[in-house]
Every structure is written in structure tokens, then in C-alpha cells.
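Enquirer: For reference, the structure I am asking about is given below.
The values are calculated or read from the model by the stated rules, or taken from the named source; none is laboratory data. From a predicted model like this one, the values you see are computed outputs, not experimental measurements. As a convention, Cβ positions derive from the backbone with ideal geometry for all residues, glycine included, and neighbour counts pool all protein chains shown. Accessible surface areas use protein heavy atoms only, side chains included; no ligands, DNA or RNA. Shrake-Rupley method; radii C 1.70, N 1.55, O 1.52, S 1.80 Å.
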Amino acid sequence: MVEPRFRRPAMLDMEMADQIEGDIDPADRGLIAHETALAIVSQAREAQDPELVERLIRLVDEEGIDTVAMMWSKAGAHTLPGALWRIYMIREWVKHDAASVARSYHQGVHAAHVRHAIAGVEDPPGPDEVRTLADAVLSGVFSGDLAVALDRAGAFCRVVATGSAFEAQTDEGHADRRAHRTTMRASQLLRTGEDLERCAAMWREGRLD
């Protein structure tokens with residue numbers, strides 16, 4: 001097994017998940033991903049138990065990102081397990097790099113104010129506020145309107161992507177290597193935001209599984 005690199009992610013990098021290998025047949029892995037995601041979401045929403053929701057929010061804290069990755073990281077972007085994986089990755093990233101995320105979010109607010117309104121991060125958007133948003137999104141997945149939670153996560157990614165793009169432009173010509181990394185992060189976040197928003201639309205149409 002290739003050693004996972006998730007403990008302190010510097011950026012939201014879905015491609016890192018592809019390095020995780022296992023001895024599960026790919027067909028079985030896909031079935032397990034869909035069944036576990038549906039079971040967890042359905043049971044949590046039916047139970048309406050705040051304690052259960054809180055445990056699910058802390059799933060990565062208690063089980064480790066590697067365990068969650070083994071379940072869901074190979075799932076397609078426009079599936080329920082794929083959406084859950086991305087939201088857990090966002091929370092993990094925010095948890096470990098909240099100050100940087102908040103800075104990028106703050107940079108992107110004015111250029112993406114509509115997305116900021118959808119994301120619902122409190123003003124001013126500091127480290128505590130983005131951490132609260134990440135937990136609130138997961139809480140919404142398990143106990144609220146799932147489509148709204150997915151839209152909030154997607155909007156959050158888009159605002160941070162916009163801020164990261166501004167930061168990359170500022171660094172260009174002065175810190176080119178950092179500018180390149182920031183540009184790549186912005187591109188990834190934009191793609192993740194688009195994926196989550198599409199998942200929200202699919203859920204509303206009854207097509208997200």
C-alpha cells in the first residue's frame with residue numbers, strides 16, 4: 001500500500017486519493033462505496049439524533065482520513081459517496097489550515113459575493129468562521145436539506161478559489177513557485193465546487209446515488 005499523505009493537507013487535492021490502493025475488487029469497492037454512503041446518510045436523516053450527527057461530523061477525527069478514503073475516494077465525482085468524500089476532505093483541509101483558507105476566502109468575497117451569501121460564512125470570515133462552516137455543511141448533509149448543504153460546500157469552494165486566483169496574481173513575478181501552487185489550488189477548488197453544485201442539482205432530481 002502506498003503511504004497516504006492526508007494528515008496535514010496543504011491544499012484540497014483529490015488526486016492524492018488515487019495513490020491509495022487496496023486488495024478490494026474495483027467492482028466491489030464501487031458497490032461498497034455507494035451502499036455505505038447511502039446507509040450512513042439515510043440512517044442519520046431518519047434517526048434525527050443530534051449525537052449521531054455529531055459523531056458523523058467527527059468521523060475523520062475518530063477513524064482517520066485514510067479509512068474514509070478507502071471507502072469513498074475512488075467514487076465518481078457526481079455520486080453520493082464522491083460528494084461525501086469531497087465534503088470530508090474540505091473539512092479536513094479547513095481544520096488543518098484554517099488561517100490560510102480564511103485568508104483566501106476573505107480575498108474572494110467581494111468578487112464572488114453571491115457565492116459568499118450561499119456559503120453562509122459569517123463576517124468577517126476568519127479561521128473560526130470557516131471551521132464552523134465546514135461542520136455546519138456536514139451537519140446539513142446528515143440532518144438538513146442535503147442539496148442546500150452541497151450547494152453551500154460548492155459555493156464555499158468557489159469563493160476560496162476566487163481568492164486563491166487573486167493571491168496567485170499578486171505573487172506572480174515575485175514568488176512564482178508559490179503562485180503556481182496557488183493557481184493549481186484555485187483550479188482544483190473551482191472544479192470541486194462545480195462537482196458539488198452538480199451533485200446538489202442531481203439530489204433535487206432524485207438522481208444522486
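Enquirer: Computed over the Cα atoms of the range 30-100, what is the convex hull's projected area averaged over all directions, in nm²?
Expert: So the mean shadow area of the Cα hull is 5.1 nm².
Enquirer: Here's a follow-up. Just in the range 135-209: which trypsin sites (Lys or Arg not before Pro) are loop by DSSP and have at most 12 other Cβ atoms within 10 Å?
Expert: Counting only loop positions with at most 12 other Cβ atoms within 10 Å, the trypsin sites (Lys or Arg not before Pro) in the range 135-209 are Arg207.
Enquirer: A further question on this structure: How much length is gained if the chain between Glu46 and Arg177 is pulled fully straight, taking 0.36 nm per residue apart and subtracting their Cα-Cα distance, in nm to one decimal?
Expert: 42.3 nm
Enquirer: Moving on to the next point. Extension gain Glu63-His78, at 0.36 nm per residue separation less the Cα-Cα distance, in nm?
Expert: Full-extension gain reported as 3.0 nm.
Enquirer: Length gain on complete extension for the stretch Arg191 to Arg55, per 0.36 nm per residue less the alpha carbon to alpha carbon distance?
Expert: 46.1 nm
Enquirer: Quick one: pull the percent of accessible area on the range 18-133 belonging to carbon and sulfur, 1.4 Å probe, ligands and nucleic acids left out.
Expert: In the range 18-133, the share of accessible area belonging to carbon and sulfur is 52 percent.
Enquirer: Ignoring ligands, DNA and RNA, how do Thr132, Thr79, Thr67 rank by accessible area with a 1.4 Å probe, largest first?
Expert: The ranking, largest first, comes out as Thr132, Thr67, Thr79.
Enquirer: Right, another one. Would you mind computing, in nm to one decimal, how far apart the modelled labels at His110 and Glu205 are, each placed 7 Å from Cα along Cα→Cβ?
Expert: Simple spin-label model gives 3.8 nm for this pair.
Enquirer: Relative contact order (percent) for the range 104-201, with alpha-carbon contacts under 8 angstrom and 6 or more residues of separation?
Expert: Dividing the mean separation by the residue count of the range 104-201 yields 35 percent.
Enquirer: Which whole-Hz ³J(HN,Hα) couplings does the range 83-94 yield from phi under the Karplus relation 6.51 cos²θ - 1.76 cosθ + 1.60, θ = phi - 60°, glycine and proline marked x?
Expert: After applying 6.51 cos²θ - 1.76 cosθ + 1.60, I find 5, 4, 4, 5, 5, 5, 5, 4, 4, 4, 5, 5 Hz.
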